[in-house]
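Quick note: the coordinates plus some simple rules give every number you see, no bench work behind them. None of these values were measured; they are calculated from a predicted model. Neighbour counts run over all protein chains shown; Cβ positions are idealised from the backbone, glycine included.
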Amino acid sequence: MGSGLKGYGDCSEEVTKACPIELALQIVGGKWKGIIIDILSEKSIRFNELKRVIPGISHRILTLQLRELEADGIVKRKVDDTVPPKVEYFLTEQGNELSSIINSLRVWGQHYLK
């Protein structure tokens, strides 16, 4: 990740130590990524099914979030050579590691709500 955060110049030792945290938050940040990872932690799922189980997400935003997660190596896209093509999304090994953290965030959130 380099010696400094983008736009901040040279970082102190404390900030440099926090850079992996910032990176992780960038990867899972946003309204829908945590939910997508949580759903995919249970099973692989097709796009339209994923859209159905996430009320309020638009087709465009779901596509963008999945592309970002795929680019970050969290989600993998499998395309079956059928007509019409069957596309399924599932977590990569890194995504599975991240899903336990997302689960911990859910538990923390439940306690916080109380």
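Remarks
- Scaling the Cα radius of gyration of the chain by the globular reference 2.2 N^0.38 Å produces a ratio of 1.24.
- The modelled label-to-label distance for the pair Thr92/Arg52, using points 7 Å beyond Cα in the direction of Cβ, is 2.9 nm.
- Residue with peak Gaussian network fluctuation, the chain [Cα springs, cutoff 10 Å], from Leu69, Leu23, Leu91: Leu23
- Residue with peak Gaussian network fluctuation, the chain [Cα springs, cutoff 10 Å], from Gly29, Gly73, Gly56: Gly56
- Estimated from the Cβ-Cβ distance and a Förster radius of 30 angstrom, the FRET efficiency linking Lys76 and Gln110 is about 0.55.
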